[in-house]
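Every read-out reported here was derived from the displayed coordinates using simple, explicitly stated rules and does not represent laboratory data. As the structure is a prediction and not an experimental result, all values here were calculated from the model. Glycine gets a Cβ as well: all are built from the backbone with ideal geometry, and neighbour counts include every protein chain shown.
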2 protein chains.
Amino acid sequence: MSSNHREAILAAAKDAAQARGYSGLNFRDLGEVVGIKSASIYYHFPSKADLGAAVARRYWQDTAAELETMLAEMPDPASCLRRYPELFRRSLANGNRLCLCSFMSAEFDDLPEPVKTEIQTFADISVAWLGKVLAAANGSSPEDNQAQARAIFAAVSGAQLMARSRADIGLYDTLIESYRVAGLLPA
Amino acid sequence: MSSNHREAILAAAKDAAQARGYSGLNFRDLGEVVGIKSASIYYHFPSKADLGAAVARRYWQDTAAELETMLAEMPDPASCLRRYPELFRRSLANGNRLCLCSFMSAEFDDLPEPVKTEIQTFADISVAWLGKVLAAANGSSPEDNQAQARAIFAAVSGAQLMARSRADIGLYDTLIESYRVAGLLPA
DNA sequence: ACCTGAACACCGTTCAAGT
DNA sequence: ACCTGAACACCGTTCAAGT
């Protein structure tokens, strides 16, 4: 109950940041969505930087949990790799939104240090997961697959960005398919 | 003389937008760089939207010219493809900046319609050029290479974005190399 | 514990007025 | 033609005051 507003702020801030970035986050709109005054948000988060870092932290934690669940429920690594792009697809399906990490990567120059750290962790856990799954798929070590894991992460991010710029989720699907044809992603 | 300020504004705005995006563009800073008051900028560009569109238009025009020059000076399509990523590399080398089109793609929701149009043209001319060069390289038609051309554009954009988030141009080079290994880019 | 009203400093933007 | 001063609206933040 007492933490309801805190959670609601985190959720609203996540949605807003995926659509308008860190610089587009503003406490007045957030307060309106949550149903409290903007000043009240400072009771839960001492500054915008703190809120941004909390949102980014929660974002990679949720993603990490989801990736682990996927791997647990579907131990076949090839299937996991095939389904990985669905993660980014869902943001597009949800109001043509971008990965939080991508948007904030663009905003690198204006990001408070703690926020930078958290979005780097998002990339780190994604790449680590991809490396692990690639390794399981081809019987080598995760270290040997780090380069391809990073390439997949970067390429999928780029596909999402391009699709967003046209508000065209079909373009995303086409790009992912092209990555498979080219051999960047396993068919 | 009279157009000096106009050109200086365009140049300063381009640099700023590649570092802080359209939303990060601000007339006070721009005026300071150019040496006039922020209000004076409105004489040259009736609104921020107009300035943004003008910057984006100039950006794709310059890029289109550069790509055509490259193709004219180095008719070997394989060499052109090998050098294509240098375009994005240069933005990173220039103060860890992002492609204007990428930043504004992230900002899609808050972009005035004319700005959207111009950055889509940037993607269009890039993809068209890549399709043309790919076709010349493998003896088919540009249409048959559209999918791969778009995939290359998206992937290279993603690599630049990821490298920016670490301020690590070496990561960009590694990612491009991984694309080559995977077969997305010709070796 | 949790929230608000009111205020402050700052900044993007506008526009009537200058030369 | 080109520029500016002054004002407006907005936003992040603070804080004393409410319950």
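The table below lists the values:
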{"quantity": "Axis-nearest residue in chain B [Cβ, rotation onto A], distance in whole Å", "calculated": "B:158, 1"}
{"quantity": "Reach of residue A:48 by Cα under 16 Å, taken over lysines that are not fewer than 8 positions away in the same chain", "calculated": "A:14, A:37, A:116"}
{"quantity": "Other copies of residue A:173: label-to-label distances in nm, shortest first, labels 7 Å along the beta-carbon direction", "calculated": "4.0"}
{"quantity": "At 7 Å out from Cα toward Cβ: residue A:49 inter-copy label distances (nm, ascending)", "calculated": "3.6"}
{"quantity": "For chain B, Kirkwood radius (reciprocal of mean inverse C-alpha pair distance, Å)", "calculated": "17.4"}
{"quantity": "Mean separation of Cα contacts under 8 Å (6+ apart) over length of segment A:90-153, as relative contact order %", "calculated": "23"}
{"quantity": "Cα principal axis extents for the protein assembly as shown, largest first, Å", "calculated": "64, 57, 32"}
{"quantity": "Helical mean residue ellipticity (222 nm; -39500 (n - 2.57) per DSSP H run of 4+; nearest 500) of the protein assembly as shown", "calculated": "-25000 deg cm²/dmol"}
{"quantity": "Euclidean distance of C-alpha centroids, segment A:54-108 and segment B:70-84, integer Å", "calculated": "37"}
{"quantity": "Residues with amide H under 5 Å from that of residue A:97, placed H, sequence gap 5 or more", "calculated": "A:92"}
{"quantity": "Additional length obtainable on full extension of the chain from residue B:117 to residue B:6, 0.36 nm per residue less Cα span", "calculated": "37.8 nm"}
{"quantity": "Positive dipole terminus of chain A, leading residue within A:69, A:157, A:27 (C-beta point charges)", "calculated": "A:27"}
{"quantity": "Taking chain A and dividing mean pair separation by its residue count, relative contact order in percent (alpha carbons under 8 Å, at least six apart)", "calculated": "22"}
{"quantity": "10 Å Cβ neighbours from other chains, averaged over peptide A:166-175", "calculated": "2"}
{"quantity": "Debye intensity ratio I(q)/I(0), log10, segment A:23-105, q values 0.12, 0.17, 0.19 Å⁻¹ (C-alpha model)", "calculated": "-0.50, -0.84, -0.95"}
{"quantity": "Calculated P(r) of segment A:102-164 - Cα pairs past 16 Å, %", "calculated": "52"}
{"quantity": "Per-q log10 I(q)/I(0), segment A:58-152, q = 0.21 Å⁻¹ (Debye; single scatterer per alpha-carbon; no solvent)", "calculated": "-1.11"}
{"quantity": "Taking the C-alpha atoms of segment A:1-52, convex hull volume expressed per residue in Å³", "calculated": "63"}
{"quantity": "Label 7 Å beyond Cα on the Cβ vector: residue A:93 copy-to-copy distances, nm", "calculated": "4.2"}
{"quantity": "Simple spin-label estimate for residue B:62 and residue A:47 in nanometres, 7 Å along Cα-Cβ", "calculated": "3.5"}
